[in-house]
1. Relative to 2.2 N^0.38 Å, what does the C-alpha radius of gyration of region 103-174 come to as a ratio? Two decimals please.
2. Under 14 Å from the 7 Å Cα→Cβ point of Q474, by amide nitrogen: which residues of region 60-97?
3. Dividing the alpha-carbon Rg of region 80-133 by 2.2 N^0.38 Å yields what?
4. Please calculate the 1.4 Å probe accessible area of V489, with all protein chains present, and give it to the nearest 10 Å².
5. Which sequence of Y487, Y481 reflects their accessible areas, 1.4 Å probe, from the largest down?
6. How many nm is it between the label spots at N202 and C384, if each spot is 7 Å from the Cα in line with the beta carbon?
7. List the equivalent ellipsoid semi-axes of region 27-216 in whole Å, largest first, each obtained as the square root of 5λ for an eigenvalue λ of the Cα gyration tensor.
8. Using only C-alpha positions, report the orientation-averaged shadow area of the convex hull of region 358-515, nm², one decimal.
Amino acid sequence: MYASREDIGYDFGDDSKVGSKPIKPNPNIDGGWAWMIVLSSFLVHILIMGSQMALGILNMEWLEEFNQSRGLTAWVSSLSMGITLIVGPFIGLFISMCGCRTTAIIGGILNALGWILSAYASNVHYLFLTFGVTAGIGSGMVYLPAVVMVGQYFQNRRALAQGLSTTGTGFGAFLMTALLKYLCTEFGWRNAMFIQGAISLNLCVCGALMRPLSPKELHEKYAVENDSEENRAKALSHSTETIKSNGVLSEESEKKEEAANEEVLGSVQHIEIGGKSGSGRSMYGLRLFKTVSQLTVTVRKGFALWYSSYFGAASLFTNRVFVAFIIWALFAYSSFVIPFIHLPEIVKQYKLSRQDNVFPLTSIIAIVHIFGKVILGIISDLPCISTWNVFLMANFTLVTCILTLPLMQTYIGLAVVCALIGFSSGYFSLMPVVTEDLVGTKHLANAYGIIICANGISALFGPPFAGWIYDITQKYDFSFYIAGLLYMVGIIFLLIQPCIQKKQSRDKSTEEAQV
């Protein structure tokens with residue numbers, strides 16, 4: 001249906017001209033160090049997303065320890081998951097200014113600090129601040145760079161690379177569920193969180209592996225992308241006016257900004273050369289001034305890119321299909337998170353704890369989730385398959401499972417539905433690919449920050465809402481039904497908006513041809 005940004009009618013990528021000379025492929029794009037980036041992202045998903053998927057274990061410990069309602073206690077897990085994603089747009093600003101590596105290392109320290117401080121919690125509200133906010137912000141500062149770096153290093157194997165890296169969520173959910181269960185049994189939940197905090201310091205190592213591409217390497221990647229995009233655009237006969245009307249970010253202001261920055265640095269260098277005959281103290285002052293000036297230029301440039309993406313005259317929000325994607329994200333993620341948080345309680349309610357102890361339902365989701373991400377990634381990379389269609393089919397399967405799960409009251413029935421949830425939720429590996437197809441590599445960090453922010457809002461309110469419904473009805477059925485229906489609304493937005501946009505583009509082309 002809509003496999004690329006050209007099909008939908010949008011292009012937020014660079015408009016740099018590419019000559020007729022064949023461009024030599026960079027060995028680090030789709031190979032070389034790119035696979036180390038995949039490894040780093042894989043470990044990040046294990047330590048962050050996997051740990052969050054295993055929070056149902058700690059949630060039960062908190063219910064017993066603090067004797068609070070399920071709705072209030074669920075806010076701890078929801079805050080951690082939600083804030084990890086909600087801070088996405090602000091982390092995009094950090095990435096624009098400091099780069100992915102620095103942002104991830106700082107985030108790893110903050111995440112570990114949140115886990116360790118939570119070990120000393122005296123009430124649920126204390127956990128809101130230490131685990132929900134502190135660990136959540138730290139997780140967000142590592143998660144977004146891990147996704148963005150994979151997008152930067154891969155071009156032809158994006159879906160497969162994202163699929164392999166995000167399988168860490170499934171591995172992590174399986175491993176962390178077993179680890180936290182063991183640690184809570186042997187040492188108690190407080191010591192378990194302290195140990196998990198020490199393990200989370202490995203996120204700093206993952207961040208150190210995120211070696212940034214040089215400006216030359218980035219230019220080569222953008223050049224190859226734009227060359228292929230221009231050829232496809234010519235084949236599709238897309239006019240320049242149509243592309244501009246759909247929200248292309250103007251580069252004229254960026255060129256003016258770069259010229260001003262170069263002028264500032266040039267004047268500083270001129271002063272430095274002229275002052276070489278001066279004293280050593282004045283030379284030290286000039287070098288310090290030059291360093292501050294370079295840092296100022298970097299911050300200004302990063303902020304300008306971030307600001308123009310969100311609030312500029314031709315911001316990302318002028319892309320209607322991208323806006324529909326945001327609306328979908330607002331409803332989608334809670335449907336995946338709710339089973340992870342509340343399945344242990346559902347199993348206990350249905351008196352299936354004996355079977356679940358042998359093979360937990362959350363582990364079934366996690367294991368099949370691994371295969372789902374890889375298989376869907378491989379399918380989406382096939383030249384005859386549309387990534388967009390695979391993405392939609394997986395969403396339809398997942399929403400059907402969410403609506404069906406309350407009807408299953410046997411372990412076998414729940415296990416089958418959980419397996420389908422795990423496989424269909426493998427579409428998470430396609431989200432960065434779909435986002436990049438809509439906005440281009442250059443704006444992937446800011447655009448994906450918006451998407452995961454919407455997912456974060458969904459994760460923030462989903463589990464507490466399910467707990468609140470249970471406190472009223474003493475059943476989880478209505479929670480899944482309402483979440484499934486809202487999810488369906490989001491899918492309908494994904495279906496309708498691209499069709500409308502495609503029709504409008506076709507009508508406009510017809511009018512121009514008649515003129």
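1. Details: Rg = 15.2 Å, N = 72, 2.2 N^0.38 = 11.2 Å.
Against the compact-globule rule of thumb, the ratio is 1.36.
2. No residue qualifies, since no backbone N sits under 14 Å from the label point.
3. Working: Rg = 12.7 Å, N = 54, 2.2 N^0.38 = 10.0 Å.
The value comes to 1.27.
4. Answer for V489: close to 60 Å² accessible.
5. On the way: Y487 0, Y481 75 Å².
Reading off the accessible areas and sorting them downward yields Y481, Y487.
6. 4.2 nm
7. Values: eigenvalues 193, 53, 34 Å².
Those come to 31, 16, 13 Å.
8. Working: hull surface 49.7 nm².
Over every viewing direction, the Cα hull of region 358-515 projects on average to 12.4 nm².
The values are calculated or read from the model by the stated rules, or taken from the named source; none is laboratory data. For clarity, every value in this text was computed on a predicted model and none was experimentally measured. Positions of Cβ are backbone-derived with ideal geometry, glycine not excepted, and every protein chain shown enters the neighbour counts. Side chains included, ligands, DNA and RNA excluded: accessible areas come from the protein's heavy atoms. Shrake-Rupley method; radii C 1.70, N 1.55, O 1.52, S 1.80 Å.
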